[in-house]
Amino acid sequence: MFDNISVIFPRILEGVPNTVIATVGGIALTIVLAFASALGLLASSPVARGISRVYVEGFRGTSEVVQLFWIYYALPILVGIDLIPLAAGILVLGLNHGAYGAEIVRGAIQSVPRAQYEGAIALNLTPAQRMWRVILPQAVVEMLPSFNNLFIQLLKSTALLYFVDVSEIFKQGDSLRASFNDDQGLIYLIELVFYLLLAIMITMTMRWLERMASRRVGRTPPSRESALAKVSGGAV
Amino acid sequence: MDVWDWDKAFAAIPPILEGLLVTLQITVLGSLVAYVLGLILAIVRRSRIPVVDQILWALIELIRSTPLLIQIFVLFYVIQPAMGLQLSPFATGVIALGLHYACYTSEVYRAGIDAIPPGQWEAATALSLPRSRVWTGVILPQAIPRVVPALGNYTISMFKEVPLLLAIGVAEIVARAEEQGTSDYRYVEVYTMAGLAFLLLSFPAAILVRRLERRVAQK
């Protein structure tokens with residue numbers, strides 16, 4: 001079973017950079033969109049609320065595969081720009097998970113006790129100061145565990161980029177299938193190990209961020225039993 | 001060439017509806033597998049049988065932290081040939097989605113079972129009910145209603161993940177849309193209609209689940 005590992009392993013390894021780029025790019029876009037649309041959902045302006053609601057429900061209500069195909073095949077016809085597959089992938093990962101992230105951020109902001117708002121108003125802070133200096137530092141602590149799940153969900157979704165020919169881990173493994181028909185078990189095993197390692201790295205980073213964020217607001221983070229991530233399955 | 005062609009969009013509706021029917025069949029059957037298997041997993045894990053428990057834990061974590069697309073391929077191209085059988089892509093899809101989501105629903109059931117006050121277990125023991133009656137007569141009738149909204153959420157998620165099965169040749173919504181688009185390279189209409197098909201079902205379903213959630217929370 002392991003005869004061809006010297007050929008198979010390096011080929012799959014070549015896909016890791018693209019998976020990492022897609023994951024990191026997707027996460028960056030997710031964070032921006034999640035915060036922007038959560039603030040939109042909580043805004044007093046009905047226009048901002050409406051736009052954010054349409055974005056969040058639109059992306060949560062449709063399949064990620066449809067979104068990918070739409071952005072890769074349909075959008076270029078509409079706007080006349082061709083996207084390279086990796087860019088289209090990052091865009092879809094960010095847009096899709098940003099919509100789920102928006103509800104995480106909104107929930108966390110709303111979970112900050114009312115008295116914190118009132119205290120900030122009593123101290124005569126401007127609305128922007130209130131958000132940045134009082135509400136968000138506390139809300140961030142609440143949202144980090146959910147973001148951990150969301151980012152692992154995003155990592156798993158990078159395998160979809162196989163559909164638009166990005167040579168990430170899964171695509172690299174797939175390109176080996178024809179010539180190493182008897183080693184398919186090994187190919188998928190190596191892929192699974194790579195995804196598992198990347199998932200553990202995300203979880204470790206998020207745990208570290210969680211400790212930093214809770215220390216900043218003077219809390220001790222609760223320790224959780226499982227070292228691996230609990231993934232929420234993109235609950236609607 | 002116009003950006004949007006209404007004729008093309010309308011022509012795509014019948015095949016997309018056929019794809020939607022396939023997608024719904026897989027979602028319903030896959031959900032049934034996930035609901036039943038998840039419950040069995042939760043009950044077995046609660047009995048904490050040494051070794052079995054650790055193996056199940058590792059398996060559940062592995063399935064939950066790796067892409068579903070790989071799991072579909074492993075089931076289709078590795079496990080089935082190794083077992084000497086070749087199921088249809090449809091059946092493979094039902095099993096792959098069912099297994100994948102069973103790992104999530106088992107956690108849902110676990111939380112629901114853990115939420116039952118210990119007094120219920122003690123009372124059932126005091127009445128010296130047999131183990132099976134404790135589960136079917138006391139614990140599950142209380143635990144399951146609380147977890148229905150969470151199970152509903154996973155069914156909605158599953159519905160949206162069925163298109164992954166186009167990779168092994170299931171004629172679901174996106175595969176049917178793609179086939180309509182390739183004939184003349186017009187993709188805007190077909191993928192927009194495919195997106196609408198998902199939205200049309202999953203948005204009302206999500207609202208229904210949110211309502212259920214609120215009702216369960218009030219109890």
Fill in the blank from the handout: Summing -39500 (n - 2.57) over every DSSP H run of at least 4 in chain A, dividing by its residue total and rounding to the nearest 500, the 222 nm mean residue ellipticity is -23000 deg cm²/dmol
Exercise for the section: Over chain A, calculate the relative contact order: mean separation of alpha carbon pairs under 8 Å at least 6 apart, over the residue count, as a percent. Expected result: 28
Handout entry: Lys, Arg +1 and Asp, Glu -1 on Cβ, resulting dipole of the protein assembly as shown about Cα centre, debye, nearest 20
Key = 2300
Fill in the blank from the handout: Each residue of A:184-197 has, on average, a number of other protein chain C-beta atoms within 10 Å of its C-beta equal to 4
Handout entry: the protein assembly as shown: C-alpha gyration tensor shape, a/c 1.5 cut-off, then a/b vs b/c
Key = rounded
Handout entry: 3J(HN,Hα) from dihedral phi, segment A:40-55, Karplus parametrisation 6.51/-1.76/1.60, rounded to Hz, x for glycine, proline
Key = x, 4, 9, 5, 7, 6, x, 5, 4, 5, x, 4, 5, 4, 4, 4
Handout entry: Rounded to whole Hz, the Karplus (6.51, -1.76, 1.60) HN-Hα couplings of segment B:76-84, x for glycine and proline
Key = 6, 9, 10, 5, 4, x, 5, 8, x
Completion exercise
To the nearest 10 degrees, the tilt of helix A:136-157 (Cα long axis) against the first principal axis of the alpha carbons of chain A is 20
Exercise for the section: Let me know the shape class of segment B:6-218, please: from the alpha-carbon gyration tensor, a ≥ b ≥ c as square roots of the eigenvalues, rounded when a/c is under 1.5, otherwise prolate if a/b is greater than b/c, or oblate. Expected result: oblate
Completion exercise
Checked segment A:152-224 with the C-alpha gyration tensor, a ≥ b ≥ c its square-rooted eigenvalues, rounded below a/c of 1.5, otherwise prolate if a/b is larger than b/c and oblate if not; verdict prolate
Handout entry: Karplus 3J(HN,Hα) series, Hz, for segment A:160-166 with 6.51 cos²θ - 1.76 cosθ + 1.60 (x for Gly, Pro)
Key = 4, 5, 3, 5, 10, 6, 7
Exercise for the section: May I ask you to list the aspartates and glutamates whose Cα is less than 12 Å away from that of B:Lys8, ignoring any residue fewer than eight positions away on the same chain? Expected result: B:Asp184, B:Glu189
Practice task
Only helices at least 15 Å long along their axis, Cα-based, and averaging -0.5 or more on Kyte-Doolittle count here, so list those DSSP H runs from chain B.
Solution key: B:13-46, B:52-65, B:89-114, B:140-161, B:188-218
Problem - Computed [θ] at 222 nm, helices only, for chain B once each DSSP H run of length n ≥ 4 contributes -39500 (n - 2.57) - result: -24500 deg cm²/dmol
Problem - Top positive-direction residue, dipole computed over segment B:39-183 with Cβ charges, set B:Ile113, B:Ile70, B:Pro89 - result: B:Ile113
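Here, each number is a calculation from the coordinates, and none is a lab measurement. All values derive from a computational prediction rather than experimental measurement. Please note: Cβ atoms are built from the backbone with ideal geometry, for glycine as well, and neighbour counts cover all protein chains shown.
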